[in-house]
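A short reminder: the numbers here are calculations on the coordinates, not readings from a lab. On a predicted model such as this, the values are computed, not experimentally measured, just so you know. Here the Cβ positions follow ideal geometry from the backbone for every residue, glycine too, while neighbour counts run over all protein chains shown.
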Amino acid sequence: MTEIIVVTSGKGGVGKTTTSASLACGLARRGKKVAVIDFDIGLRNLDLIMGCERRVVYDFVNVIQGECTLKQALIKDKRLETLYVLAASQTRDKDALSSEGVRRVFDDLTADGFEYIVCDSPAGIEKGAHLAMYFADRAVVVVNPEVSSVRDSDRILGLLSAKTLRAEQGNGQVKEHLLLTRYSPKRVATGEMMSVGDVKEILGLDVVGVVPESVDVLAASNAGIPVILNENSDVSRAYEDAVARLLGETVPLRFVDEPKKGFFARMFGG
Amino acid sequence: MGLLALFRRSPPSAHVAKERLRIIIQQERNARGGGPDYLPLLRRELLEVIRKYVNVDPAAVQINVEREDGQEVLEFSVALPEKAR
C-alpha cells in the first residue's frame, strides 16, 4: 500500500517545504520507504532544504517527459537509507506537468515498493498546487496562527473537497490534518496570537502537529539538514510527534503551553 | 514582562483575529456554495426533470449542502407554482 500525502497551505512561506522534508525524514527514520517530491516547477527548493542540491541531475519534469528513468531522477538521501528526493525542474514552465504524467510516476513509485509519497505543494492555487493534491490520500495543511494563512488554508480545504481524484470519484474524502507552524506559546498566553484551539475551531480540522517558532528552522535550512534531524531541538520533537500521529499513534501535544515562571521571574521580568 | 505589565492591559488582538476569520470564512464558504462543484449541474438537470411534469420557475429550485458534525446533507427544495397544486 502506498499512501500519498500532500503538504499544502495556499499561502507561501508558512513552512511547507520544511514540513515536507521533516515528515519525509521522520517516516524514513521509522523504516518506511519514502519519496518526497517537489511540485514547485520553476522554483525548486526542496533540494536545498534536503541538502542534495548539488546532486540533482534529472528532475520530475524529465521523468514525466521520458527524458530519463525514474530511477535516474530519484536522489537517494545520504543519511537515511529508505529516503529519496525527486527535485522540481528549475527551467521549464509549470505546464510541463500533466496529471497523466504525475499518475505514471506515482504508479511507478508504487510498483517500486514506496510506502509513502510526500508531495511538497507550491503556494497558490494554480496548476502545480492542483496536481500536488490531485492524487492525495491525505493532506497536511500547514498554517501559521495568523489571519491570512488561516483564510488561505480554508480555500485549500475547499479545493481538497472538490478538486481531487477522491472527491471526483466519490471515493471518500482526502483525510485532512492541521499542522501549525511558528507557534509561540508565549504570545498565545498574552492574547497576541491565536491558539491551536482557535485555529482548529475555525477550520474544523484535527491537529497533527504544532511546531514552535524557533531559530533552529533557519539554522537547519542554512545547513541543508532537515530540522527533524536536529535532536536537540523542540522543533524536531514536534515533527517527530506529527509523524507518530500520521502513523496512527496517539501522542499528546507538546510545546503549546508557556513554561510556568516562578514568582521572581514574573515580578522582575525574564 | 515586569511589574509594569501588571498595569498595562493590551487588547487581546488574537480574539479580534478569531472573530474576523470566523465571519469571513463563513462568508467565503457560503459563496463557494459550501459544496462540491457539481451542484450547479445537478441543479440544472433536476430542474429539467421536474419541468417534464410541472412548469416551475428556475428560481424556485433551491439546492444546498449543509455540514453538520462531519456529515453532509444535500438539501433540495422546489416551490410549486399556484396552479399546479
Of A:Ser184, A:Ser221, A:Leu205, which is farthest towards the positive pole of the stretch A:149-268's charge dipole, taken about the Cα centre with +1 and -1 on the beta-carbons of Lys, Arg and Asp, Glu respectively? A:Ser184
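Using unit Cβ charges (K, R positive; D, E negative) and no other charged atoms, how large, in debye to the nearest 20, is the dipole of the stretch A:58-141 about its Cα centre?
140 debye
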List the lysines whose Cα sits under 16 Å from the Cα of B:Lys18, skipping any in the same chain fewer than 8 residues away. A:Lys200
Work out, in µm²/s and without decimals, the Stokes-Einstein translational diffusion coefficient of the stretch A:70-215 at 10 °C, 1.306 mPa s, Rh from Kirkwood over C-alpha pairs. 92 µm²/s
Surface/4 estimate of mean projected area, convex hull on alpha-carbon atoms of the protein assembly as shown, nm²: 23.1 nm²
Amide H proximity to A:Tyr183 below 5 Å, modelled H, separation 5+ or other chain, gives A:Val211, A:Glu213
Arranged by the count of other C-beta atoms within 10 angstrom, fewest first, what order do A:Lys16, A:Lys71, A:Lys127, A:Lys186 take? A:Lys71, A:Lys186, A:Lys127, A:Lys16
How much net charge surrounds A:Gln90 when only other residues with a Cβ under 11 Å from its Cβ are counted (Lys, Arg +1; Asp, Glu -1)? -3
Taking every other residue with Cβ under 15 Å from the Cβ of A:Ser214 and scoring Lys and Arg +1, Asp and Glu -1, one gets -2
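Provide A:Thr250, A:Thr82, A:Thr17, A:Thr8 in ascending order of the number of other Cβ atoms located within 10 Å of each residue's Cβ, fewest first.
A:Thr250, A:Thr82, A:Thr17, A:Thr8
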For the charge dipole of the stretch A:1-144, defined by +1 on Lys and Arg C-beta atoms and -1 on Asp and Glu C-beta atoms about the Cα centroid, which residue among A:Val57, A:Leu109, A:Thr82 has the Cα displaced farthest towards the positive pole? A:Thr82
Extension gain A:Arg55-A:Glu231, at 0.36 nm per residue separation less the Cα-Cα distance, in nm? 60.8 nm
Most exposed first by the Cβ proxy, i.e. fewest other Cβ within 10 Å, how do A:Cys119, A:Cys68, A:Cys52 rank? A:Cys68, A:Cys52, A:Cys119
Chain A - charge dipole about Cα centre, Lys and Arg +1 at Cβ, Asp and Glu -1, debye rounded to 20: 400 debye
Beyond a 27 Å Cα-Cα separation, which of these cross-linked pairs lie in this structure: A:Lys16/A:Lys163; A:Lys11/A:Lys260; A:Lys163/B:Lys52; A:Lys11/A:Lys76? A:Lys11/A:Lys260; A:Lys163/B:Lys52; A:Lys11/A:Lys76
Which value, in Å to one decimal place, does the Kirkwood hydrodynamic radius take for the stretch A:31-130 when every pair of different Cα atoms is included? 13.4 Å
Applying 1/(1 + (r/R0)^6) with R0 = 25 Å to the Cβ-Cβ distance of A:Arg254 and A:Glu81, what FRET efficiency is obtained, to the nearest 0.05? 0.35
Quickly estimate the mean residue ellipticity at 222 nm for chain A, helices only: each DSSP H run with n ≥ 4 gives -39500 (n - 2.57), and the total goes over all residues, rounded to 500. -11000 deg cm²/dmol
Sum of side-chain charges, A:Gly224 neighbourhood, beta-carbon under 15 Å (Lys, Arg +1; Asp, Glu -1): 0
What ³J(HN,Hα) values, in whole Hz, does the Karplus curve 6.51 cos²θ - 1.76 cosθ + 1.60 give for the stretch A:206-214 when θ = phi - 60°, with x put for Gly and Pro? 7, 8, 9, x, 10, 9, x, 4, 7
Computed ³J(HN,Hα) along the stretch A:116-133: with the Karplus parameters 6.51/-1.76/1.60, θ = phi - 60°, integer Hz and x for glycine or proline, the list is 9, 10, 9, 9, 8, 6, x, 5, x, 10, 7, 4, x, 5, 4, 5, 4, 9
